[in-house]
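Rule-based calculations on the coordinates, nothing more; no lab input. Note that the coordinates shown come from a computational prediction; the quantities given were computed from them, not determined experimentally. We place every Cβ from the backbone using ideal geometry, glycine too, and count neighbours over all the protein chains shown.
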Amino acid sequence: MLKKLNDFKVGEVGTIVKVEGDGRIRRRLFDMGVTPGAEVFLRKKAPLGDPLEINIRGYELTLRKVEAELITLEMTTILEREGEK
């Protein structure tokens, strides 16, 4: 199932399929390791959805909502958060 990163819920994991955007924003995302094929885990989301904290390529990265809207992922799984049942 394809989803935009900003539509993910905390704990969801997906693989990047496509990164959209104009030259500067797209280049910046690529420089941060946000490239097709990378696995992304959504760790935290601010109450109003901006910003989002993700794990990608072994490090934590914070993205704005407008940047997350440019990233399309194939959802792979939902991980349970610690302490929740």
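Remarks
- Looking only at the range 29-55, residues that are free of Cβ contacts under 8 Å to residues at least 24 places away in the same chain and not β-branched (V, I, T) come to 12 in all.
- Looking only at the range 56-75, and only at residues there that are assigned to a strand (DSSP E or B) and either touching a residue at least 60 places away in the same chain (Cβ under 8 Å) or of a type in the set (V, I, T) (or both), the one that is nearest to F41 (Cα to Cα): I56
- Identity of the residue in the range 3-40, assigned to a helix (DSSP H, G or I) and among the basic types (K, R), that ends up surrounded by the fewest Cβ atoms within 10 Å (Cβ to Cβ): R24
- Listed by first and then second residue, the pairs linking a residue in the range 1-22 that is more than 15 Å from T76 (Cα to Cα) to a residue that is among the basic types (K, R) and loosely packed, with under 13 Cβ neighbours inside 10 Å, with Cβ atoms under 9 Å apart and 6 or more places separating them unless they lie on different chains, are G21/R27; G21/R28.
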